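Colleague: Supplied in structure tokens, the structure appears directly below.
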Amino acid sequence: MMQRVGAPIVSPDGKWVVFSVLEPSYETDKAVSDLWLVSTDGLKAPRRITHDNRLKNVGEHVQGFCQVAGTLGAKLGALLFQLPPNLKKDLALFDAFLDTLPPKVCAALEFRHPSWHDEDVFGRLAARNLALCVADSEKLSAPVTITADYAYFRLRDEGYTPDDIKRWGDTIARETTACTDVFVYFKHEDEGKGPEFAKLLMTHLGL
């Protein structure tokens, strides 16, 4: 089925990208238009892909998302596909999803069920040069495993101390020596600690 993706528009606060997706309906002989909102926090894939359809039969949605992301050109970093916490490892489903991704796409996969954290999954990511999202939060911490020539960290704990940030800085510096790009994101929260954490990390890394 053919899709037409409208020109993306960034929200005034810079947190969202909005775009339309027009699809023909062969049943009604009409076109159906959907409005999509995509977070600019690492350009996270829409929930329709990861949560509503749970990676199943999402080829057209992935194509539309990557097409819009591509309009950012050189400003585009890594795309993030964040799986729901109740989605357990399913290699057949994962293989089918990986086949929907464009060749050479720069993307990270965040698995929020621990069953995904094993060598079968890591090997599939490495074979396609896709990054494991090293996510750290109060609920779950992913293993620090680098599966691509770039790395992706989501440091989501709101209670980091300066020593915690230093340890993460040491880990990032040690584990990403072979990476061409390293993406690190802290959590957006009301107290505004994220920018402070980022400054501490950059200072420790000499940036």
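Colleague: Taking region 167-186 only, how many residues are buried (at least 16 other Cβ atoms within 10 Å of the Cβ) and among the charged types (D, E, K, R)?
Modeller: Of the residues in region 167-186, 1 are buried (at least 16 other Cβ atoms within 10 Å of the Cβ) and among the charged types (D, E, K, R).
Colleague: To continue, here is another question. Scan (1) of a type in the set (D, E, K, R); (2) over 27 Å from residue 87 (Cβ atoms); (3) touching a helix residue (DSSP H, G or I) at 6+ places or on another chain (Cβ under 8 Å) for the single condition residue 157 breaks and write down its number.
Modeller: Here residue 157 clears every test but (2).
Colleague: Quick check on this structure: which one of 171, 145 is within 28 Å of residue 194 (Cβ to Cβ), over 15 Å from the mean Cα position of the chain (by Cα), in contact (Cβ under 8 Å) with a residue 12 or more places away in the chain and outside any loop (DSSP other than H, G, I, E, B)?
Modeller: From the options 171, 145, the qualifying one is 171.
Colleague: Also: Would you mind listing the helices (runs of 4 or more DSSP H) fully within region 53-141 where at least 2 residues are out of contact with any strand residue (DSSP E or B) (no Cβ under 7 Å at 6 or more places or on another chain) and at pLDDT below 95?
Modeller: 59-70
Colleague: Which pairs do you get when a residue that is within 25 Å of residue 75 (Cβ to Cβ), found in region 94-108, comes within reach of a residue that is surrounded by 12 or more Cβ atoms within 10 Å (Cβ to Cβ) and among the polar types (S, T, N, Q), reach meaning Cβ atoms under 8 angstrom, with the pair 6+ apart or on two chains?
Modeller: Within 8 Å, the pairs are 100/63; 102/63; 104/129.
Colleague: Right, something else. Among what's in region 108-149 and is hydroxyl-bearing (Ser, Thr, Tyr) and touching a Leu at 6+ places or on another chain (Cβ under 7 Å), pick the residue that is surrounded by the most Cβ atoms within 10 Å (Cβ to Cβ).
Modeller: First pass over region 108-149, keeping only residues hydroxyl-bearing (Ser, Thr, Tyr): 115, 137, 141, 145, 147.
Narrowing the set further to residues that are touching a Leu at 6+ places or on another chain (Cβ under 7 Å) leaves 145, 147.
Details: 145: 16, 147: 21.
Among those that are hydroxyl-bearing (Ser, Thr, Tyr) and touching a Leu at 6+ places or on another chain (Cβ under 7 Å), it is 147.
The values are calculated or read from the model by the stated rules, or taken from the named source; none is laboratory data. It should be emphasised that the depicted structure is a prediction, and the values quoted were computed from it without experimental measurement. Using ideal geometry, Cβ is built from the backbone for each residue, glycine included, and neighbour counts are taken over all protein chains shown.
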